[in-house]
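The values are calculated or read from the model by the stated rules, or taken from the named source; none is laboratory data. Note that the structure is a prediction, hence the values are computed from the model and not measured. Note that each Cβ is placed from the backbone with ideal geometry, even for glycine, and that neighbours are counted across all protein chains shown.
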Amino acid sequence: MKNQILLNNYYFPSELQEHLQRFVNYYNHERYHESLDNLTLADVYYGRGHEILEQREKIKIATLAMRRKMHYDKQTKLLTLMG
């Protein structure tokens, strides 16, 4: 917050209030927190954390399977070219 709010000059209280509101919105709804398994504060507060983590796990498993298949396909292709 120091780098985003305190370093700017504000000429009207409404400017400062607007920037503070933007920062709070970003911090609560967009910024991922490592201590919360890379979820946002809003995700945890509204109970969406478990669902998001399950979805991430499914994506991870599918990605690893795809990479494994690509690796084996590449190896098979190399072996057929060499043999």
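The figures follow:
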item: Residue count, the range 35-83 (criterion: of a type in the set (A, V, I, L, M) and surrounded by 11 or more Cβ atoms within 10 Å (Cβ to Cβ)); result: 7
item: Selection within the range 38-83 - in contact with a strand residue (DSSP E or B) (Cβ under 8 Å, 6 or more places away or on another chain) and polar (S, T, N, Q); result: T40
item: Enumerated helices (runs of 4 or more DSSP H) restricted to the chain, each holding at least 2 residues that are at pLDDT below 95; result: 13-29, 49-82
item: Subset of the range 11-34 [within 19 Å of G49 (Cβ to Cβ) and hydroxyl-bearing (S, T, Y)]; result: Y26, Y27, Y32
item: Residues located in the range 29-57, provided they are free of Cβ contacts under 8 Å to residues at least 12 places away in the same chain and among the acidic types (D, E); result: E30, E34, D43, E51, E54, E57
